[in-house]
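The block underneath contains the structure these notes are about, expressed in structure tokens.
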Amino acid sequence: MTMDIHQRDDLPFPHSLPEFQRLFPDVGACAAYLEKLRWPDGFVCPHCEAGGEPLRFANRPNVFRCRECRRDTSLKAGTVMEGSHTPLNIWFWAAYLVTSQTPGMSAVQFQRQLGLPRYETAFQILHKLRAGMVRPDQDRIGGKAHEHVEVDETYVGGRTRGKGSGVHDMSLVACAVEVHQRKPGGKLDKRKNGRYAGRIRLAVVPDRTTKSLCGFVERSVMPGTLIVTDDWKSYYDLPNRGYKHMHVAERGDPQVADEFLPMIHTAFANLKSWINGIHHGVSDQHLQAYLNEFTFRFNRRFYPFNAFRSLMGIAREVAAPTYAELYSGVWTHPGANERGGETTG
């Protein structure tokens, strides 16, 4: 399973709350950790590209001054923390809480845990961290021999009462799930015929057309992969796009679904339970951000503690929305193999 985790002895990750407190007792310790993440081979000035030990300030541990051009560089610059007045140690606490709590937490719970005075601050920090949950170089899943990928779509969220028959405010979400086979002789061989889910990709799609659904597959899955779907006609163009395709006529039969598409339905059930149970529903505007968080958690469920280091590593190289951008409609949350940013109109 491909992961963006690289073992480094100089970047330990905390396995417990006491260990977190020992590793990051103050802002200086957090700054040293982030410095190693950003410049593993030593500081390089982003302005003049000169290397070497920078000038440091005792009262400003997250600011370096280049000895050549004399310009200052903030550790937060170019990261999801850029422009934030929140102390670095609070950001580290936030990242640890988000990654160590298996089901995650709502913005209200987050605000209470960190003792933040304003809900808006908690909401923005969480969305900035969600922006850091999507790698800029995110690879496509699948592509392995003797394995396949299940693909399907479902409606998520939205109110339906009082809307009339067939009218709703739900958003259409597409999902792709790797299906792996357990090694023979294990205790879980008989569960799902020894199959289990690998990585997933989730994205909001505008409709169920060939353009939307096959486009999602092309952005999310390696060419040549065997794709298993239901018999919705929009998937029939997959062979013309370089994929092997097997479509299954479910016709509402749960036994057929459990036999041929078990992982995708489990993923959808977990997603909906997570959104309703933890966040009590999300808006259409920010749904993709929550899908990104669910994907991040799901893909790292076997490596819960590594997720902290993974998040801090990704967050050092991506842009994140400001509070104004989150509500103005200027920011677009990145989907599968897409980067977020300002819309062009």
Q. Residues in the range 229-245: is at least one in contact with a Phe, Trp or Tyr (Cβ under 7 Å, 6 or more places away or on another chain) and in contact (Cβ under 8 Å) with a residue 60 or more places away in the chain?
A. yes
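Among the residues in the range 55-65, are any of a type outside the set (Val, Ile, Thr) and within 28 Å of the chain's Cα centre (by Cα)? Outline the logic, then answer.
Taking the range 55-65 and keeping what is of a type outside the set (Val, Ile, Thr), we get 55-62, 64-65.
Within this subset, residues satisfying the condition of being within 28 Å of the chain's Cα centre (by Cα) are 62.
Looking for residues that are of a type outside the set (Val, Ile, Thr) and within 28 Å of the chain's Cα centre (by Cα), one finds at least one in the range 55-65, hence yes.
Does Gly252 satisfy the condition of being in a loop (DSSP other than H, G, I, E, B) and either closer than 20 Å to Ser106 by Cα or at pLDDT below 75 (or both)?
Against the criterion (in a loop (DSSP other than H, G, I, E, B) and either closer than 20 Å to Ser106 by Cα or at pLDDT below 75 (or both)), Gly252 qualifies.
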Q | Count - residues of the range 261-283 that are in contact (Cβ under 8 Å) with a residue 60 or more places away in the chain, under 27 Å from His146 (Cβ atoms) and open to solvent by 30 Å² or more (accessible area, probe 1.4 Å) | A | 2
(Q) Looking only at the range 72-85, count every residue that is in a strand (DSSP E or B) and among the charged types (D, E, K, R) and tell me the total. (A) 1
Q. Do we have any residue at all in the range 72-90 that's over 30 Å from Val177 (Cβ atoms), open to solvent by less than 20 Å² (accessible area, probe 1.4 Å) and more than 26 Å from the chain's Cα centre (by Cα)?
A. yes
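Could you list all residues from the range 99-144 that are part of a helix (DSSP H, G or I), of a type in the set (A, V, I, L, M, F, W, C) and either touching an Asp or Glu at 6+ places or on another chain (Cβ under 7 Å) or surrounded by 14 or more Cβ atoms within 10 Å (Cβ to Cβ) (or both)?
Filtering the range 99-144 for residues part of a helix (DSSP H, G or I) gives 99-100, 107-114, 119-131.
Then drop every residue that is not of a type in the set (A, V, I, L, M, F, W, C), which leaves 107-108, 110, 114, 122-123, 125-126, 129, 131.
Within the range 99-144, Ala107, Phe110, Leu114, Ala122, Phe123, Ile125, Leu126, Leu129, Ala131 meet the criteria.
Here is a yes/no grid of residues against (1) touching a Lys or Arg at 6+ places or on another chain (Cβ under 8 Å); (2) in a strand (DSSP E or B):
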{"residue": "Glu218", "(1), (2)": "yes, no"}
{"residue": "Pro239", "(1), (2)": "no, no"}
{"residue": "His247", "(1), (2)": "no, yes"}
{"residue": "Ala257", "(1), (2)": "no, no"}
{"residue": "Met263", "(1), (2)": "yes, no"}
{"residue": "Thr266", "(1), (2)": "no, no"}
{"residue": "Lys272", "(1), (2)": "no, no"}
{"residue": "Asn276", "(1), (2)": "no, no"}
{"residue": "His280", "(1), (2)": "no, no"}
Q.
Every residue in the range 39-71 that is open to solvent by 50 Å² or more (accessible area, probe 1.4 Å), under 20 Å from Arg309 (Cα atoms) and either assigned to a strand (DSSP E or B) or in contact with a strand residue (DSSP E or B) (Cβ under 9 Å, 6 or more places away or on another chain) (or both), please.
A. Asp41
Q. Pairs, please: C-beta under 7 Å, at least 6 apart or cross-chain, first residue assigned to a loop (DSSP other than H, G, I, E, B) and crowded, with 18+ Cβ neighbours inside 10 Å and in the range 291-309, second modelled with pLDDT of 80 or more and of a type outside the set (S, T, N, Q)?
A. Arg300/Ala307
Q. Which of the residues that make up the range 12-30 are over 20 Å from Arg56 (Cβ atoms) and not hydroxyl-bearing (Ser, Thr, Tyr)?
A. Pro12, Phe13, Pro14, His15, Leu17, Pro18, Glu19, Phe20, Gln21, Arg22, Leu23
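The values are calculated or read from the model by the stated rules, or taken from the named source; none is laboratory data. Just so we're clear, the structure is a prediction, and the values are computed from it rather than from any experiment. Cβ coordinates were reconstructed from backbone atoms using ideal geometry, including for glycine residues, and neighbour counts include every protein chain displayed. Side chains included, ligands, DNA and RNA excluded: accessible areas come from the protein's heavy atoms. Shrake-Rupley method; radii C 1.70, N 1.55, O 1.52, S 1.80 Å.
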